[in-house]
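Scroll down for the structure; my scribbles are underneath it.
The numbers here are math on the coordinates, done by the rules we state, and not lab data. Owing to the predicted nature of the structure, the values given are computational and were not obtained by experimental measurement. Glycine gets a Cβ as well: all are built from the backbone with ideal geometry, and neighbour counts include every protein chain shown.
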Amino acid sequence: MIHSTIVLAWKFWLSLTLKLKKHVYNTEAKQMKTFIEKMPKAELHVHLEGTLEPEHIFALAQRNGIDLEYKTPQDVIDAYDFVDLPSFLKIYYAAMNVLREERDFYELAYQYFEKVAAENVIYVEPFFDPQAHTSRGVEFSTIIDGIHRAQIDAETNLGVKSNLIMCFLRDLSEASAIEHLDMCLPYLDRIIGVGLDSDEKDNPPSKFSEVFRRAREHGLKLTMHCDVNQKDIGEHMWECLNDIRVDRIDHGVNSLEDDAMCDEIVKRGIGLTVCPVSNRFVVQSLTANEIRSMLQKGMKATVNSDDPAYFRAYMNENFIALQEEGDFTKEEILQLSRNAFEVAWVDEPQRQVFLQALDSYAADAA
Ligand code: ES4
Ligand code: ZN
């Protein structure tokens, strides 16, 4: 009798402490989520074409009289079956065929700015892929006018500032990249830098050394994708650093395999734009451990969404997924946001304004 009472009391006590622990855990998780959502953020790695939402694909197809092989936006999402970079890119390039007119590009960019404004993103450096549009007969001016108009409206109406990066597709020739660099020259005041994206396999940075040299001469900043776990990634990263002399690296997670490379990246203060949810889709890992290692080494790692409409995660969802997976502290989350403002391509007064916004947020939240 006494024995069973003790057992009962013990069981009761155990379930109570478990419930309490769960409650504390849930409260902490909720607090962390709110902390991330409200934190001022910058996004430095987002492909505007990767923000094309399924509903918008449908609306544009209808307006532009284009037949789609899918019946509903959900059918489009159901077809998102990426296992690696090429399988993702195939779907990504097919969908952007609906983008034809200036207002299509305007809407694409403006809708992205609206989304991130609601997530307290205050600064963005979006990529665009002009070759994926000019190859379909869309004029360069149509693309850049639409995006630029959205940037102006986003700053005025939403308070989101931005600087545009033009990417070259690395699976096309360097001659085509040079042609597009020439096309952007009349719009140099609208572009902050150039990047390199698309399929990395057998398309090393050195293939584009001339066009990047010319871009630098025109005063443009330089970045390149070093996608995760690609063939010859170590060589590609050293070429980025030593031949191209990039100002930033997109992804760059594999640098952690080479101590000398990490040291060089730290010494030069080069930013790494990591994309956790994208990595989960393309290389089946959120790279949380890698991001923590980067922070511990003093590398300027940042969190970004890459192709948020496809990976179904904008900035906050990326930060929250990362925090949950790696149990990141508020200090680490703040450091990731601070890194983005520190490596952003803005002038020093603007950088200080952004950093002060983050510092006063941190002080209020402490
Ligand atoms: C991309 Cl995840 C990724 N990698 C390379 N190029 C891209 N373009 C759009 N998303
Ligand atoms: Zn990317």
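Run the numbers for residue 4 and residue 83: contour at 0.36 nm per residue of separation, minus the present Cα-Cα distance, in nm.
On the way: separation 79, 0.36 × 79 = 28.44 nm, distance 5.52 nm.
Here the answer is 22.9 nm.
In summary, the lysines within cross-link reach of residue 21, defined as a Cα separation below 24 angstrom excluding same-chain residues under 8 places away, comprise 11, 30, 33, 330.
Simple rule: put +1 on each Lys or Arg Cβ and -1 on each Asp or Glu Cβ in the chain, find the dipole, and look at 244, 80, 36; the Cα lying farthest toward the positive end is 36. Charge dipole of the range 266-360 (Cα centre as origin; +1 on each Lys and Arg Cβ, -1 on each Asp and Glu Cβ, all else neutral): 300 debye, rounded to the nearest 20. Looking only at the range 280-295, which residues have a backbone nitrogen under 20 Å from a spot 7 Å from the Cα of residue 258 in the C-beta direction? Hits in the range 280-295 for residue 258 at 20 Å: 290-291, 293-295.
Only helices reaching 24 angstrom along their own axis (Cα) with mean Kyte-Doolittle hydropathy no lower than 0.5 count here, and not one DSSP H run of the chain does. Relative to the Cα centre, the charge distribution of the chain, modelled as +1 at Lys and Arg Cβ and -1 at Asp and Glu Cβ, gives a dipole magnitude of about 1380 debye. The modelled label-to-label distance between residue 366 and residue 74, using points 7 Å beyond Cα along the C-beta direction, is 4.9 nm. Under the combined filter of DSSP loop state and at most 16 neighbouring Cβ atoms within 10 Å, the range 65-165 retains these trypsin sites (Lys or Arg not before Pro): 71, 136. Taking max minus min of the alpha-carbon positions on each principal axis, the range 135-267 gives extents of 44, 34, 26 Å, largest first. Measuring against 32 Å, Cα to Cα, the residue pairs 41/267; 38/207; 201/300 contain 38/207 as the ones spanning a longer distance.
Label separation (residue 155 vs residue 171): 3.5 nm, computed from points 7 Å beyond Cα along the C-beta direction. For the range 145-162 versus the range 288-360, the inter-centroid distance based on Cα atoms is 22 Å. Where the alpha-carbon atoms of the chain are placed on the principal axes, they occupy 88, 52, 41 Å, in descending order.
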